[in-house]
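Engineer: Got a structure for you, written out below as structure tokens; questions coming shortly.
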Amino acid sequence: MTQLKNGNSVSRGETVTADVCVIGGGAAGITVARALANSNLHVVLLESGTTTFEAPTQDLYSGTSSGDSYDVNASRLRFLGGSTNHWAGWCRPLDPTDFEARPWVRNSGWPITRRDLDPYYARALPLVDIAVEPFDRDYWLKTRSDARVIPLLENDVMTTAVFRFSQGPVHFGDRFRKDLERAPNVDVYLESNVVNIATTKDAASVTHVDVATLKGNRFKVSAREYVLALGGIENARMLLASQDVRATGVANDHDLVGRYFMDHPEGHVGVLLLSGQAPDNFLGGRIDLLRTVVTFNTKVFEREQMNAIAFVVGTTEPLAVKGKIDSRDVAAVLQAIEGGASIPYELYLRGEPEPNPDSRITLTNKLDALGVPRLDLRWQLGPDDRARYRHAIELLAKQFGSKGVGWVRIEPADFGQPKSDVFYGAHHMGTTRMHADPRKGVVDAQCRAHGMSNLSIAGSSVFPAVGFSNPTLTILALALRIADNVRATLA
Amino acid sequence: MHRMPRRAFLGLVGGVVVVGAGAGTWEATRRHGPTAEAPDVHALQRVLGDPAPAARIGKTYLAEKPNAPAGRKGFVLPLLDPAKFPGGEIGMARAAPFDLSTPIRNAARVDCFASRVVELDGWILPQTILDLCAVTERHFG
């Protein structure tokens, strides 16, 4: 067994060589390295942090936010395992329609289909301790008699979507550290921060990466293949900051790196007053670590020109925003009219943002402790996003009301107005988007940086459109696919 | 002799019938007073149990949108007209509150289906329910 190494132990100025250099020890990087473990390829994985949280390392993330309010520091973690160290475990593949170009969602569409990823989703599920079973609603509503889920409303407008949960949830650093230590061909270097990606003069290949530690050591890693896996924000920052050859950075000939930053607007949008109790499967965790959400049928998204949107039913009695009407009065009237006990639940919205080129990461003049420019995030939703989310709530309210399921209150009442506050799920996506055309995407359909021979990009930064599913499972599926591609390339 | 067009004639007759039915119900309400003695108002109270919550919503509704219920005046109580209820007044008197509320429930659901909803203090509520609350405020508030 090889112990984890430390960048401070490498001789200053030394060049460590490998077949594959994986930059970043989060969910994507660990999955790539683990998939290449016990092969004939020498893999070096570079992780900025140690195996636990340390403030000076975390501070390397610090940046500013000049768009919609966003905390670029607290929404991620910089040590082995990355942001899986604080994730909640929600898992769901993207829907087939999320991969399609939808004319009403500008800049949507992947160059691959859900079918292309299905084998990798199946391989990803065991990594997060989820049994390989379909996420398909029909399976859970009709086939699983032992753990059957009960919908709130199924008709030609509304349907049910199934999320499942990583048990634990799995923290990738803790879980897979031993696998990486046991693998004779994998060397993990902690406290090793990549501060520059060096390329050939034509910027067509990576020659090496420059590595720095907070204790002052510097060395290089040279490999045949590189996989950038620093996360949805940091992937872009590193490409932008690597300006040895081109002032625009690496893989940025078309000014796309850092653009299209997305997160899922997610949070409390109101009260769902149900005429009766919500089925357990909506409240989470009680059936096979499964949780259902309310969403719309595919054709409704098209008809109503909506982004992908789902509603989560909160488990607790809502702390209703104080208004002119006491929600208990509404509950009493609902109970009188529809019968049954009227029970209030939190209503959470999980919305898909429209890919917006003006929502972007740029570099600032300030430097971090290692001399890398700090970032500014200007998160901006698409011009129609807020109104679409509100429209979705109103549609939900009418559907639930028309079937006697319950009534809805929007909170705050101005939700959906231009510039109204939105919450986010800390899912950083889109900044090195995938597109078949180099003028429209940073990576191609194989997650290879356009115009570069040996650089792949892993993680949710490659998502060109994001649906309403949490990104982790898709990150893992793409990482496994990258590992296959790297292995095939070097075979 | 002036001949009224057939469509206009039918419209006039229909209007008279509708106004007549509404006026009859409101007349009964007026005659019996606001003490829930009129069959329709009595039924409304039985549907609601405690009318206070609906009355409070109705008060807010009337304050926020004073003109909103005007076009629907007399819509709710006719839903509780004994003449339309199986078994008439006796049947209505014997019915459980949930059965009494069936016409209101159906109307409220149709409202939502037809997008006849009103947003009040963030609540997206069927027009029928707000009419009901306004009527309740009028009689019990």
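Engineer: At 222 nm, what helix-only mean residue ellipticity would chain A give, in deg cm²/dmol to the nearest 500, using -39500 (n - 2.57) for each DSSP H run of four or more?
Structural biologist: Details: 11 runs with 106 residues, N = 491.
The per-residue figure over chain A is -6500 deg cm²/dmol.
Engineer: Do the alpha carbons of any pairs in A:Lys324/B:Lys59; A:Lys178/A:Lys215; A:Lys142/A:Lys398; A:Lys220/A:Lys366; A:Lys403/B:Lys59; A:Lys403/B:Lys65 sit beyond 22 Å of each other, and which pairs?
Structural biologist: Numbers: A:Lys324/B:Lys59 10 Å; A:Lys178/A:Lys215 26 Å; A:Lys142/A:Lys398 26 Å; A:Lys220/A:Lys366 24 Å; A:Lys403/B:Lys59 27 Å; A:Lys403/B:Lys65 26 Å.
Too far apart for the 22 Å limit: A:Lys178/A:Lys215; A:Lys142/A:Lys398; A:Lys220/A:Lys366; A:Lys403/B:Lys59; A:Lys403/B:Lys65.
Engineer: Just how large is the dipole of the range A:224-364 about the Cα centre, in debye to the nearest 20, putting +1 at every Lys and Arg Cβ and -1 at every Asp and Glu Cβ? Each step should come with its number before you reach the end.
Structural biologist: Values: 13 positive and 19 negative charges, 16 e Å.
I would put it at about 80 debye.
Engineer: On to the next question. One quarter of the convex hull surface, Cα atoms only: what value does that give for the range A:339-443 in nm²?
Structural biologist: Averaging across all directions leaves 10.8 nm² for the Cα convex hull.
Engineer: Between A:Gln417 and A:Thr298, how many nm apart are label points set 7 Å from Cα along the C-beta direction?
Structural biologist: Placing both labels 7 Å beyond Cα along the Cβ direction yields 3.8 nm.
Engineer: With contacts defined as alpha carbon pairs under 8 Å and 6 or more residues apart, what's the relative contact order of chain A in percent? Spell out each step's value before the answer.
Structural biologist: Values: 1195 pairs, mean separation 116.9, N = 491.
Computed over chain A, the figure is 24 percent.
Engineer: Note down the relative contact order for the range A:229-290 as a percent, whole number, built from C-alpha pairs under 8 angstrom at least six residues apart. Walk me through the intermediate numbers first.
Structural biologist: Details: 28 pairs, mean separation 11.3, N = 62.
That works out to 18 percent.
Engineer: Stretch A:His86-A:Asp136 to full length: gain in nm at 0.36 nm per residue minus the Cα-Cα span? Kindly include the intermediate steps, with their values, before the conclusion.
Structural biologist: Details: separation 50, 0.36 × 50 = 18.00 nm, distance 2.71 nm.
Value of the extension gain: 15.3 nm.
Engineer: For the range A:400-491, would you read off the P(r) tail past 23 Å as a percentage of all alpha carbon pairs?
Structural biologist: In whole percent, the share of Cα-Cα pairs in the range A:400-491 beyond 23 Å is 46.
Engineer: For the range A:10-31 and the range A:412-473, what is the separation of their Cα centres, given in Å?
Structural biologist: Their Cα centres are 24 Å away from one another.
Engineer: Here's another thing I want to ask about it. For the range A:194-324, state the semi-axes of the equivalent ellipsoid (square roots of 5 times the eigenvalues of the alpha-carbon gyration tensor), sorted largest first and rounded to whole angstrom.
Structural biologist: Sorted largest first and rounded, they come to 47, 19, 15 Å.
Engineer: Can you give me the P(r) profile for chain A? Cα pairs, bins 20 angstrom wide beginning at 0, each as a whole percent.
Structural biologist: 24, 54, 20, 2
Engineer: How big a patch of accessible area, both sides summed and in Å² to the nearest 100, lies buried between A and B at a 1.4 Å probe? The partial results should precede the final answer.
Structural biologist: On the way: alone 19050 and 8820 Å², together 25420 Å².
In total, this chain pair buries about 2500 Å².
Engineer: Which residue, A:Ala183, A:Thr292, A:Ser75, has the largest displacement toward the positive end of the dipole of chain A when charges sit on each Cβ (Lys, Arg +1; Asp, Glu -1)?
Structural biologist: It is A:Ala183, whose Cα lies furthest towards the positive end.
Engineer: A further question on this structure: What are the semi-axes of the equivalent ellipsoid for the range B:64-140, taken as the square roots of 5 times the Cα gyration tensor eigenvalues, largest first, in whole Å?
Structural biologist: 24, 14, 10
Engineer: Right, something else. Hey, can you rank A:444-452, A:155-163 by average C-beta count inside 10 Å, highest first? Don't skip to the answer; put the middle values down first.
Structural biologist: On the way: A:444-452: 21.0, A:155-163: 18.3.
The peptides rank, most packed first, as A:444-452, A:155-163.
Engineer: Could you tell me the distance between the Cα centroids of the range A:223-297 and the range A:74-143, to the nearest Å?
Structural biologist: So the separation of the two Cα centres works out to 11 Å.
Engineer: For B:Phe113 paired with A:Glu154, estimate the spin-label separation in nm (one decimal), with each label point 7 Å from Cα along the Cα-to-Cβ line.
Structural biologist: 2.1 nm
Engineer: If you don't mind, there's one more thing I want to ask. How long is the gain from A:Arg115 to A:Ala387 if the chain were fully straight, where each residue apart is worth 0.36 nm and the alpha carbon distance is subtracted?
Structural biologist: Values: separation 272, 0.36 × 272 = 97.92 nm, distance 3.18 nm.
Additional length available on full extension: 94.7 nm.
Engineer: Among A:171-183, A:81-93, how do they line up by average Cβ neighbours within 10 Å per residue, starting with the highest? Don't jump to the answer; show the numbers that get you there.
Structural biologist: Values: A:171-183: 18.2, A:81-93: 21.8.
Ranking, from highest mean packing down: A:81-93, A:171-183.
Engineer: Oh, and also: Kindly tabulate the residues in the range A:361-408 with an accessible-area decrease of at least 50 Å² between the chain alone and the assembly of all protein chains, using a probe of 1.4 Å.
Structural biologist: A:Lys398, A:Ser402, A:Trp407
Engineer: Give me the percent relative contact order of the range A:69-219, please, defined on Cα pairs under 8 angstrom at least 6 residues apart. It would help to have the intermediate numbers written out before the result.
Structural biologist: Working: 149 pairs, mean separation 31.1, N = 151.
For the range A:69-219, the relative contact order is 21 percent.
Engineer: Pulled fully out, how much extra length does the chain show between A:Gln167 and A:Asn485, if you take 0.36 nm times their separation in residues and subtract their Cα-Cα distance?
Structural biologist: Values: separation 318, 0.36 × 318 = 114.48 nm, distance 2.92 nm.
Fully extending the segment from A:Gln167 to A:Asn485 adds 111.6 nm.
Engineer: Right, next: Excluding B:Ala96 itself, calculate the net charge of residues whose Cβ lies under 15 Å from the Cβ of B:Ala96, where each Lys or Arg counts +1 and each Asp or Glu counts -1. Provide the component values of the computation, followed by the final result.
Structural biologist: Working: positive: B:Arg46, B:Arg94, B:Arg105; negative: A:Glu338, B:Asp99.
Result for the neighbourhood of B:Ala96: +1.
Engineer: Also, I was wondering about something else. Can you list the residues, at least 5 places off or on another chain, whose amide H is less than 5 Å from the amide H of A:Leu290, using H built in the peptide plane?
Structural biologist: For A:Leu290, whose amide H was placed from the backbone, the distant partners under 5 Å are A:Gly285.
Engineer: Can you tally the net charge around A:Ala88? Count Lys and Arg as +1, Asp and Glu as -1, for every other residue whose Cβ sits under 13 Å from the Cβ of A:Ala88. List each step's numbers first, then the result.
Structural biologist: Values: positive: A:Arg92, A:Arg164, A:Arg291, A:Arg350; negative: A:Glu266.
Its environment carries a net charge of +3.
Engineer: Taking the dipole about the Cα centre of the protein assembly as shown, with the C-beta of Lys and Arg at +1 and of Asp and Glu at -1, give me whichever of A:Thr57, A:Leu478, B:Ala38 is farthest to the positive side.
Structural biologist: So the residue we want is B:Ala38.
Engineer: Still on this structure, I have one more. So, how do all the Cα-to-Cα distances of the range A:34-190 break down into 10 Å bins, in percent, from 0 on up?
Structural biologist: Final binned percentages: 9, 23, 32, 26, 10, 1.
Engineer: What nm distance separates the two modelled labels at B:Lys65 and A:Ser11, each placed 7 Å from Cα along Cα→Cβ?
Structural biologist: Label-label distance for B:Lys65 and A:Ser11, simple model: 8.0 nm.
Engineer: With charges only on Cβ, +1 for K and R and -1 for D and E, what is the dipole size of chain A about its Cα centre, in debye, rounded to 20?
Structural biologist: On the way: 53 positive and 56 negative charges, 92 e Å.
About 440 debye.
Engineer: Per residue of B:126-139, what is the mean number of Cβ atoms on other protein chains within 10 angstrom of that residue's Cβ? List each step's numbers first, then the result.
Structural biologist: On the way: counts 6, 0, 1, 7, 1, 0, 3, 4, 0, 0, 1, 0, 0, 0.
Mean shielding by partner chains, rounded to a whole number: 2.
Engineer: Rounded, prolate or oblate: which fits the range A:14-102, taking a ≥ b ≥ c as square roots of the Cα gyration tensor eigenvalues, rounded meaning a/c under 1.5, else prolate when a/b beats b/c?
Structural biologist: On the way: a/c = 2.02, a/b = 1.16, b/c = 1.73.
Oblate shape, in that a/c is at least 1.5 and b/c is the bigger or equal ratio.
Engineer: So, one more: Once you have the Kirkwood Rh of the range A:372-425 from its Cα pairs, apply Stokes-Einstein at 10 °C and 1.306 mPa s and quote D in µm²/s.
Structural biologist: On the way: Rh = 13.3 Å.
Once the numbers are plugged in, D ends up at 120 µm²/s.
Engineer: Can you order the peptides B:95-106, A:223-234, A:403-414 by their average number of other Cβ atoms within 10 Å per residue, highest first? Don't skip to the end; give the middle numbers.
Structural biologist: Details: B:95-106: 17.5, A:223-234: 27.2, A:403-414: 22.2.
By packing density, highest mean first, the sequence is A:223-234, A:403-414, B:95-106.
Engineer: I would also like to ask the following. For the pair A:Ala445 and B:Phe75, what calculated FRET efficiency results from E = 1/(1 + (r/R0)^6), where r is the Cβ-Cβ distance and R0 = 56 Å, to the nearest 0.05? Show your work: numbers first, answer last.
Structural biologist: Values: r = 59 Å, r/R0 = 1.06.
E between B:Phe75 and A:Ala445, to the nearest 0.05, is 0.40.
Engineer: Next up: Is the shape of the range A:243-302 rounded, prolate or oblate, going by the alpha carbon gyration tensor and its root eigenvalues a ≥ b ≥ c, with a/c under 1.5 for rounded and a/b larger than b/c for prolate? Before the final figure, lay out the partial values.
Structural biologist: On the way: a/c = 3.54, a/b = 2.83, b/c = 1.25.
Prolate shape, in that a/c is at least 1.5 and a/b is the bigger ratio.
Engineer: For the pair A:Lys366 and A:Asp71, what calculated FRET efficiency results from E = 1/(1 + (r/R0)^6), where r is the Cβ-Cβ distance and R0 = 22 Å, to the nearest 0.05?
Structural biologist: Numbers: r = 17 Å, r/R0 = 0.77.
The formula returns an efficiency of 0.85 here.
Engineer: Give me the net charge for the shell around A:Glu54: Cβ to Cβ below 10 angstrom, other residues only, Lys and Arg +1, Asp and Glu -1.
Structural biologist: Details: positive: A:Arg78; negative: A:Asp59, A:Glu191.
With Lys, Arg at +1 and Asp, Glu at -1, the net is -1.
Engineer: Once you treat every alpha carbon in the range A:289-401 as an equal point and sum by Debye, what is log10 I(q)/I(0) at q = 0.13, 0.19, 0.21 Å⁻¹?
Structural biologist: Log-scaled intensity ratios, in q order: -0.73, -1.10, -1.20.
The values are calculated or read from the model by the stated rules, or taken from the named source; none is laboratory data. Since the structure is predicted, the reported quantities are computational estimates derived from the model, not experimental observations. For neighbour counting, all protein chains shown are included, and Cβ atoms are generated from backbone atoms with ideal geometry for every residue, glycine included. Only protein heavy atoms, including side chains, enter the accessible area calculation; ligands, DNA and RNA are left aside. Shrake-Rupley method; radii C 1.70, N 1.55, O 1.52, S 1.80 Å.
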